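The block underneath contains the structure these notes are about, expressed in structure tokens.
The values are calculated or read from the model by the stated rules, or taken from the named source; none is laboratory data. Please read these numbers as outputs of a predicted model, since none were measured by experiment. Here the Cβ positions follow ideal geometry from the backbone for every residue, glycine too, while neighbour counts run over all protein chains shown.
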Amino acid sequence: MAEITGVPWADMTFNGWIGCTWKSPACDFCYAEGYGHRFGVAWGAGQPRRRTSADSWRKPLAWNKAAALGRFKQCPGCGWRGFARGTICPHCDTFVSVMDSVRPRVFGDSLGDWLDDEVPIEWFVALLRIIWGTPNLDWLMVSKRIGKWTRRMAALVDQDGRRRLAHTQEFYLDEDAAK
Ligand code: SF4
Ligand SMILES: [Zn+2]
């Protein structure tokens, strides 16, 4: 059972931005679009993606630290997973002291597509740095644009990509906080 997200195969969700463009018939039932509209984010090609708050971007760092300390648990009695508070499982009588410490599963970008090439390249880099800087989390990344991976990586190393990154520090992690 997920603690922070309703997605059954993940424990938490991280969203670095909101917004996307329809890609295939599978997008007909996109729940992210409805969510985005509620927060005033227009959907589709040419519409600006909205970056989430700095607090949202810091959350994976906190999860990573807690997981490193063995605080993310799985109950052997009922299967509940989460950051244990108190001395017993919230769903059964199993003592936290006998629970297993496990790696949190993080669903990266449920309100967009992490390979969407209308997302600023700086945000994409920041996402990769977050993933790199949180080795105690298992990141689950799904995309309808897997073919864009090569193009996104190429954009990082071309001249324009290097120039933009050199002048954009705002999305980079605090290296000390990532340890
Ligand atoms: S978030 Fe996913 S389902 Fe929604 S429009 Fe983008 S690719 Fe399609
Ligand atoms: Zn339990």
Checklist entry - Taking the range 73-98, which residues are charged (D, E, K, R) and either free of Cβ contacts under 8 Å to residues at least 12 places away in the same chain or within 7 Å of ligand 2 (Cβ to nearest atom) (or both)? => result R85
Item to check | L69 vs. criteria at pLDDT 95 or above and within 17 Å of the chain's Cα centre (by Cα) | outcome: no
Checklist entry - For D93, are the conditions met, namely being within 26 Å of the chain's Cα centre (by Cα), at negative phi and surrounded by fewer than 18 Cβ atoms within 10 Å (Cβ to Cβ)? => result no
Checklist entry - Do you know which of the residues in the range 28-62 that are more than 16 Å from ligand 1 (Cβ to nearest atom), without any contact (Cβ under 8 Å) to a residue 24 or more places away in the chain and of a type in the set (A, V, I, L, M, F, W, C) is surrounded by the fewest Cβ atoms within 10 Å (Cβ to Cβ)? => result A54
Checklist entry - Wholly within the range 63-108, which strands (runs of 3 or more DSSP E) include no fewer than the required count, namely at least 2 residues that are within 16 Å of ligand 1 (Cβ to nearest atom)? => result 105-108
Checklist entry - Can you tell which of G112, G147 is loosely packed, with under 14 Cβ neighbours inside 10 Å and within 16 Å of ligand 1 (Cβ to nearest atom)? => result G147
Checklist entry - Only one of these conditions is not met by S56: (1) more than 16 Å from ligand 2 (Cβ to nearest atom); (2) modelled with pLDDT of 95 or more. Which number is it? => result (2)
Item to check | Unique residue being touching an Asp or Glu at 6+ places or on another chain (Cβ under 8 Å) and acidic (D, E) when the list is E33, E122 | outcome: E122
